[in-house]
Amino acid sequence: MYGSGRSAETHGRAAEAARSGSHTRPGGEVPVPEAEEWLDVVRPDGSPTGRRLTRADVHRRGAWHRTRTVWVVLTHGPDAPALVLQQRGLAKDTWPGRLDASSAGHLRPGDADAWRELHEELGLRPRRGPLLRLGERRSQVSHPNGVVDRELQDLWLWLAPHTLADLRPARGEVAALLSVRLAHAAALARTDERGAAAPRPAAAVLPARRLTPDGRLTAAAVLPADLPPGMRPYTAHIAALARQALDGNPTPTYDPTFDA
């Protein structure tokens, strides 16, 4: 049974769109390639410009735009509490195969579903467990392929009462989902860009569990080099904020010194 009156046929079209790197137009009629999505262009301070560009043009021109990032911490399971990292799909135009935030996506004009990307990528919506807004992060990255990504990231933390096996990574969009204990994720802050850690090199290898889109759950390891440059201290900071939330702080706040 599909919720909200969504038919099995519409669900199938949406699933195919996710596999092909496209999204469905409102109403579920026609898949839209990601590069052709329309996005609102904003100023560096977040104020609207009144202009819209396709996603491809936004990245080609380096225009500022808004995204939403949801960091998921699993509060159930053998490694709980554990931070979820997403291994990006191998066909992504930026950082293919590297580890990233649990879920992140562009904010499309008129999209009333705040958690659309989370549901598409992880197969769940934040219906249970605390959902906390952490703040806003500014990120500017120029990629070798010419993509210039300037994002204002709306940051959220979901303390999810789930295990890793409850998640459903989207085939094609997501290569795998990994869970890392919060205490281990904090070690990322003690590694340099080469992945060296002091004083114990072994701390640079983080034990993890890995879930693939076909449902295989295996033991794994996370190396600092698996994350893009600059993501390691930021990820460790998120782990620290999650620890605060679990300890009862209702307003953990992102520190902008971790902007990229």
### Query
Mind listing the phi-derived Karplus ³J(HN,Hα) values for the range 101-116, rounded to whole Hz, using 6.51, -1.76 and 1.60 with θ = phi - 60°, and x for any glycine or proline?
4, 3, 7, 8, x, 6, 8, 8, x, x, 7, 7, 8, 5, 10, 4
### Query
Using modelled amide H (1.01 Å from N, peptide plane; none on Pro or chain starts), what sits under 5 Å from the amide H of Ala176, excluding residues fewer than 5 places away?
Gln87
### Query
What is the dipole size for the range 76-190, taken about its Cα centre, with +1 at each Lys and Arg Cβ and -1 at each Asp and Glu Cβ, in debye to the nearest 20?
220
### Task
Rounded to whole Hz and in sequence order, give me ³J(HN,Hα) for the range 52-59 from the Karplus expression 6.51 cos²θ - 1.76 cosθ + 1.60, θ = phi - 60°, writing x for Gly and Pro.
10, 9, 5, 4, 4, 5, 4, 6
### Task
Could you check the simple spin-label distance between Arg127 and Gln244, using points 7 Å along Cα→Cβ, in nm with one decimal?
3.1
#### Entry: For Glu37, residues with placed amide H under 5 Å, excluding near neighbours
Arg55, Ala56
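Suppose R0 equals 25 Å. What FRET efficiency, 1/(1 + (r/R0)^6) with r the Cβ-Cβ distance, do Asp113 and Ser139 give to the nearest 0.05?
Working: r = 23 Å, r/R0 = 0.92.
Between Asp113 and Ser139 the formula returns 0.60.
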### Query
Using θ = phi - 60° and the Karplus form 6.51 cos²θ - 1.76 cosθ + 1.60, what ³J(HN,Hα) does each residue of the range 239-244 get, whole Hz, x for Gly and Pro?
4, 5, 5, 5, 4, 4
### Task
Amide H neighbours of Leu134 under 5 Å, at least 5 residues apart or on other chains, H built in the peptide plane: list them.
Leu155, Trp156, Leu157
### Burial order of peptide ranges 77-84, 172-179 (average beta-carbon count within 10 Å, highest first)
172-179, 77-84
### Query
Roughly speaking, what is the centre-to-centre gap between the range 113-136 and the range 37-112 when only Cα atoms are used, to the nearest Å?
13
### Query
Going by average Cβ neighbours within 10 Å, how do the peptides 36-47, 230-241, 53-64 rank, with the highest at the top?
230-241, 53-64, 36-47
### Residues Asp255 and Arg60, FRET efficiency given R0 of 30 Å [Cβ-Cβ distance, rounded to 0.05]
0.45
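Every number here is computed from the coordinates shown, using simple stated rules; none is lab data. Since we're looking at a predicted model, the values are computed, not measured. Please note: Cβ atoms are built from the backbone with ideal geometry, for glycine as well, and neighbour counts cover all protein chains shown.
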